[in-house]
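Encoded as structure tokens, the structure appears first; notes follow it.
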Amino acid sequence: MSDQRKEWFAKVVESGLKNQIFNPADVLAHATPDVLANHLPPELLSKVLTASLAAGSMTPERVLETVTPELLAAHLPHEVLWSCIAAAAARAGVTNVVVS
Amino acid sequence: MNIKAFFVDALTSALDLNIGTPEDVLRHVTPDVLSVSLPRPLWARLLTACLGSPRVDARLVVDTIGIPNLCEHVPTSIIWACFADMAARALGKEVAAPTRHDKTASGRAILAPPPDINNAPTATGAPVAPVSVGTSAAPQSPDAGTQPLQDLISELEQDEPRTGRPPPLRSPTAQRFRQSNTSVGARGLGASARRPQAPAPTSLPRPTPGRHSNTESEVEPQTSVETADWGQKEIAVDDSQLVDWQTDVGSASAITGDDDFSDLGGRKR
């Protein structure tokens with residue numbers, strides 16, 4: 001994965017969250033626990049668990065506070081991020097085509 | 001939800017990071033799309049920039065309009081298609097051909113671009129070029145576009161024997177008459193009192209074809225001096241063309257040459 005592509009997907013995901021194109025739950029609907037567990041490095045998984053334990057719960061918002069868009073783009077397959085973006089666009093009525 | 005702001009971020013960062021190019025944008029945001037989507041003030045700005053730039057390309061268009069303006073005015077489905085293509089390429093997928101946007105959101109038809117000019121070479125290897133012969137309204141045969149010019153020339157050459165005469169060339173004696181403003185008639189020769197015409201010699205210098213090659217449009221009666229028997233033929237002369245020598249005493253000298261007025265050169269009336 002090129003750095004530019006990573007950076008771009010990070011910005012897109014960040015903008016999508018900021019502009020409420022999709023929310024953290026939508027992200028985790030595609031970046032499932034299985035995906036996260038298989039792609040995030042151990043130290044990052046540890047941080048997620050630590051933050052959740054400290055807060056007393058693990059919510060999608062809290063997960064994304066730790067696993068930021070930059071980290072998502074750095075570790076997750078970009079197809080996963082794109083499927084999230086495309087599904088959100090389809091929900092918004094921008095396109096009827098859901099890119100898998 | 002602010003989908004336009006999202007698109008602005010996505011496209012701006014894509015261009016900044018070389019994920020996409022302005023050409024990718026214009027592949028979807030075509031001039032036809034812009035023509036019905038972009039407000040006139042933005043069109044004015046775009047035209048001004050294009051006129052003032054030595055080179056007009058996709059980058060100039062995108063930079064002049066600006067991604068925020070594009071996302072604001074162009075239908076989101078088109079921006080999405082552009083965005084999706086960039087993403088597909090970033091993901092290593094094959095980019096589909098851009099979708100034809102035949103109608104705008106308001107239902108207005110978008111004209112397709114004109115077809116490309118067919119400059120493909122013909123079977124003979126020569127590019128097809130329109131050849132106009134004669135009037136522009138002349139009907140052309142279906143294969144007129146591919147007919148070589150040489151065929152046309154040979155066709156014209158075949159037409160010449162049909163008329164039975166060579167191409168019109170001016171004989172050396174063709175310029176017999178002066179212009180009306182040269183005041184020849186004011187020199188004592190009335191319009192009805194023509195000088196007697198001496199018989200022309202049978203061996204006149206032959207016309208040089210090259211000299212008169214540019215005067216082919218001047219059609220003259222057939223005056224062939226090359227035939228041997230023309231001098232023996234009797235020429236009908238009207239009486240009014242004859243000169244009464246007894247009454248024309250003043251003009252003592254009869255000119256027998258071929259309109260040689262050199263002896264009158266210094267005279268004034």
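Every read-out reported here was derived from the displayed coordinates using simple, explicitly stated rules and does not represent laboratory data. Nothing here was measured: the structure is a model prediction, and the numbers come from that model. With ideal geometry, Cβ positions are generated from the backbone for all residues, glycine too; neighbour counts draw on all protein chains shown.
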Positive minus negative residues near B:LEU17 (Lys, Arg vs Asp, Glu; Cβ under 15 Å): -3
Mind checking the mean number of beta-carbon atoms from other chains within 10 Å of the Cβ atoms in B:1-13? 6
Give me the net charge of A:ALA25's neighbourhood, meaning all other residues with Cβ under 14 Å from the Cβ of A:ALA25; Lys, Arg count +1, Asp, Glu -1. -1
Residues in the range A:12-49, backbone N under 14 Å from the label point at A:LEU71 (7 Å along the Cα-to-beta-carbon vector): list them, ranges by number please. A:36-49
Shielding of A:77-86 by other chains, given as the mean Cβ count within 10 Å, works out to 3
Just checking the output field for B:79-89: average partner chain Cβ neighbours within 10 Å of each residue's Cβ? 4
Positive minus negative residues near B:VAL8 (Lys, Arg vs Asp, Glu; Cβ under 15 Å): -2
Over 24 Å between C-alpha atoms is what I'm after, so list which of A:LYS6/B:LYS4; A:LYS47/B:LYS93; A:LYS11/A:LYS47 land there. A:LYS47/B:LYS93
